[in-house]
Each structure stands twice: as structure tokens, then as C-alpha cells.
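To start, the structure itself, in C-alpha cells.
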Amino acid sequence: MTYLKTALYQFLILIFSAAGPVAAASLSDQDMQQIKKLEQTALTSNLAFEIDESLSTEVGARRVGTEGNRRSIPWAVAKMKQLGFDKVWTEKVTHTSWTRGTAEARVVAPYPQKMVAIALGGSVGTPKDGIRAEVVEFKDFAALKAAAPGSLKGKIAFVSFHMQRKIDGSGYGPAVMSRVAGPSVAAKKGALALIIRSVGTDHNRLGHTGMLDYQEGIARIPAAALSPPDADMLSRQIGRSKPVEIFLKLTTKRRDDVPVITANVIGEVTGRSHPDQYVVLGAHLDSWDVGTGAVDDGIGVSVTLAAAHYIAALPERPKRTIRVILFGAEEEGLIGVTQYVKTHKDEMKNHMIGAEWDFGTGRIYRMIPGVGPSALNNIRELADLLAPLGVALSPKNDAKGQSDMSALGKAGMPAVNFSPDGMAYFDWHHTENDTLDKVDPDALKQNTAVFTIFSYFAAESDVDFRK
């Protein structure tokens, strides 16, 4: 009998050890009731949509260096103050000058047709009279990379890869490489210019813009994106086994020696007992100069501002400070957040956890944490609160922060990645169709409720999300 008792005891010890430490509840019953009230407020309020309506109507497109971008900074400062933030300030962000100009593209031979094109962000312009040359098609970025050196001399490279529609946006990665790295790869092969099938999932006769990244030491060639139907038409012409000539003219102007000033706009809802510990919500204030930026990233701006406002309006603030950062120059390559991390490097340990919105138009369906092993118990509590909203907890624990927030994640800040439904997102991404009518008000309420609950939970608890 003694042996059986001992064996049973050892077995129980083994089971409980495998399960990990049993954590006390992160929040009190009163706090949980407060969360329910916040949830109800977010689900019934139109505030987030009203913020997006204000941004997309009163400011509109806001690419760095444009009048819209300059107007967006005082708009954001005023909106934060109006929404009850205790402290609001800006931090200067410096980038370089780029002017879009116009884009003209057409098939010259064998079957002349006009095409709709848009310059890629940061592209150099063509010669004044444009470029006329034979076009060579590559089915994907890997095929372009595999082209023989010098094989594109005097020609225009064309990557016709079709982006795949995925709920989590995972089709973007394989497609975007031709936009970002394609121009330098094509130049290394001798190409005069690069055109790509727009990185998008729609069939509209609109081009999708987006930033490219020229490699140092390689000639900079003009680069543009064709609308999906025009790219498909060009592929069909090439498939007829006759040489195809196209004309491309871009009047873009790139001046890396001319500084352009924008800003990160930062607002805080100050914590009552740990004001120097920050729960960080992020979005980017800038947009491309097409559309009105209502989706990318007007949704993120609206969700984060509304969530912080609901908490600021409580009779008692949570323990920690909620810091909302509207980053500048995200579209140009995470310029604003890079400068933010440098400026705040000495206080990065006080960034307790963060989350960002910069993708999707539908409801959040998943939460992926990126926290220490002990804090996972607390994340499971948060997941229980979010489950009634349709949010499932991912079995992974590898989140590093999305978009801008990834730079803070690399600097050591724990993060939570929320996954919204992005099935339609790349229909409108970086196009003239990024307008307010694409924003789903009901989904926006659910998104805001999720961010509000997360913010209050992380700010009111004493959890060290690094442990």
C-alpha cells in the first residue's frame, strides 16, 4: 500500500509539473466586469468608423512629402486631444523626396493596346521620351533571378506572377519580392526597366503601387506595376510567340539629397500606478497617394484611437500607461518606427507588450502571442475573454509584432499579433480603391472591442510579459 501511495504521489507530481505553474487570475472580478462594459461600449459605438470617416474625408491620401501628409499630423494631434489622451506629442521623422508624376504604358507591337500602369514607390523616371523595347516575361521572381547575366540587355523585364488570395495575407510574401527586389535583379541582368503584374488579388483595371528597394551599387531602372487585366493581356500576347514591344514612360522624380520631414504622433492615457510602463498600440498615419487611405491604415488609426478613448473615459485609469503610436513613413520602409526605436532605446524595457493593426478588413479571428513561458498562462486568460468575439488562441508563441511593431519586437518588446480576415484586403491595397466604402462598420466594432479588451487587460494586470 505504501508503494502504491508513493507511486500515485509521484504520478500526480509529474502531471502537475508537466502542466506548468498554476497562475493566479491576472485581474479581479471588478476588473472583469469593467472589461465586459468596455466590450459592450466598443460593440455598440460608431466612434472608430467616425474617426476613419474624418481622416479619409478631411485629410485623404497622405504619402510622405505631400500636402495630405502635412495635414495629417495636426489632425492626429487634435483628434488625440479631443479623445481624452493626457499627453500628446510628435517626434520628427526624416525621409527623402519622391514625386510620382505620371505613368504611360502601351503595347506597340504586334497588337497595339493601351495599358494601365502605376509607378512603384521610389522608382526613378524613364528618359524624357520614354522607353520602347521588347519585353521578356518571367513567371515569378525566382525565374527572373535565374536569368543569365546580360540576357536582358536592351529589353524590359516583366514578372507576371499572380498573387494568391489568403485569409491571413500569406500570399503577399511570394508576390511582393518582385516589387521590392525585382528592379535591382532585373538591372543586374541588363534590363532597361521592370514591369510587374500588380501585387493584388483583384481584377480591376487599376495598378497597385508600393515601395521598391534599390540595391546599392546597381543601376537604378524605372519600375511600374500593370493592372491585373492588362498584365494578363500582355502575357497572352507574349504567348503568341511573336516578339512583343512595349512603351513605358514614367515622369517620377527621386531626390535622395532632398530631406522631407514628417512625424510620429504619440498619445498616452496615463496609468494610475505604473505611468512609466507602456502597453503600446500601433498603426501608421501615412498612406500612399492613391485612394484615401481609409483601409491602409485608416482602420488601424481608428481602432487604436477608439480603444484608447474608451479606456481614457473610465472613472479610474488602469495601472499602466496606454501609449498609441501613429507611425510616420511606414510605406517608405518602416522609417518612422526605426527612428522611434533609436530615440527610445533606453526605455525599451518599459514597453511591456504591444499590438498593431496594419492588415485586413474583416473580423479578428485569431490571436498569436509572443511572450515569456510564464506569461502564457495570463494570455490564456485573455483568450477566454476574447473567445466570445470569435477570436481563437493560436498554439504558436512566436509573435514579434506586425508591421512597425516588428521593430519594437526585435528590440525586445513582447507582442501579440491579431489576425483579421484579409480575404479582400489586397483587392484594394495601394490602389485608388482604398476608400471609406471598403470599411465594414460591424467588423470595425469587433476589431475595436478586441483591441480595447487587450489594452485594458495588459494595462491593469501586473504581468511581466517577458517572463
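Derivation of every value follows stated rules applied to the coordinates shown; laboratory data play no part. In this text the structure is predicted, and so the values were computed from the model without any measurement. As a convention, Cβ positions derive from the backbone with ideal geometry for all residues, glycine included, and neighbour counts pool all protein chains shown.
Quick notes
- Dividing the convex hull volume of the alpha carbon atoms of the range 312-467 by its residue count gives 129 Å³ per residue.
- Residue order for Arg380, Arg70, fewest other beta carbons within 10 angstrom first, comes to Arg380, Arg70.
- Sorting the segments 135-146, 198-209, 250-261 by their residues' average number of neighbouring beta-carbon atoms within 10 angstrom, most packed first, yields 198-209, 135-146, 250-261.
- For the pair Gln164 and Ser45, the difference between a 0.36 nm per residue extended length and the Cα-Cα distance amounts to 39.4 nm.
- Take every Cα pair under 8 Å whose residues are at least 6 apart in sequence, average their separation, divide by the length of the range 101-251, and the relative contact order is 38 percent.
- By DSSP, the beta bridges lying fully in the chain are antiparallel in about 60 percent of cases.
- Put a plus charge on the Cβ of each Lys and Arg, a minus charge on the Cβ of each Asp and Glu, and nothing anywhere else: the dipole of the chain about its Cα centre is then about 1400 debye.
- Ranked Ser45, Ser403, Ser28, criterion: other C-beta atoms within 10 Å, fewest first: Ser28, Ser45, Ser403
- For the range 200-256, averaging the sequence separation of C-alpha pairs within contact (under 8 Å, six or more residues apart) and dividing by the residue count gives a relative contact order of 35 percent.
- Counted by neighbouring Cβ atoms within 10 Å, the residues Asp276, Asp421 run from fewest to most as Asp276, Asp421.
- Taking all Cα pairs closer than 8 Å and separated by 6 or more residues, the relative contact order of the chain comes to 22 percent.
- Working from label points 7 Å from Cα in the Cα-to-Cβ sense, the Lys92 to Lys139 distance is 5.2 nm.
- Dipole magnitude for the range 101-251: computed about the Cα centre from +1 point charges on Lys and Arg Cβ and -1 point charges on Asp and Glu Cβ, it is near 300 debye.
- Rounded to the nearest 500, the 222 nm mean residue ellipticity of the chain from helices alone is -10000 deg cm²/dmol, with -39,500 (n - 2.57) taken per DSSP H run of at least 4 residues.
- Set of lysines with alpha-carbon distance to Lys188 below 28 Å, sequence-local pairs under 8 removed: Lys128, Lys139, Lys145, Lys153, Lys155, Lys242, Lys249, Lys253
- With q set to 0.12, 0.15, 0.20, 0.21 Å⁻¹, the log10 of I(q)/I(0) for the range 101-251, from the Debye formula over equal scatterers at the Cα positions, is -0.42, -0.67, -1.27, -1.41.
- Structure-derived Cα Rg over 2.2 N^0.38 Å: which label, when the choices are [x] 1.09; [y] 1.26; [z] 1.01: [x]
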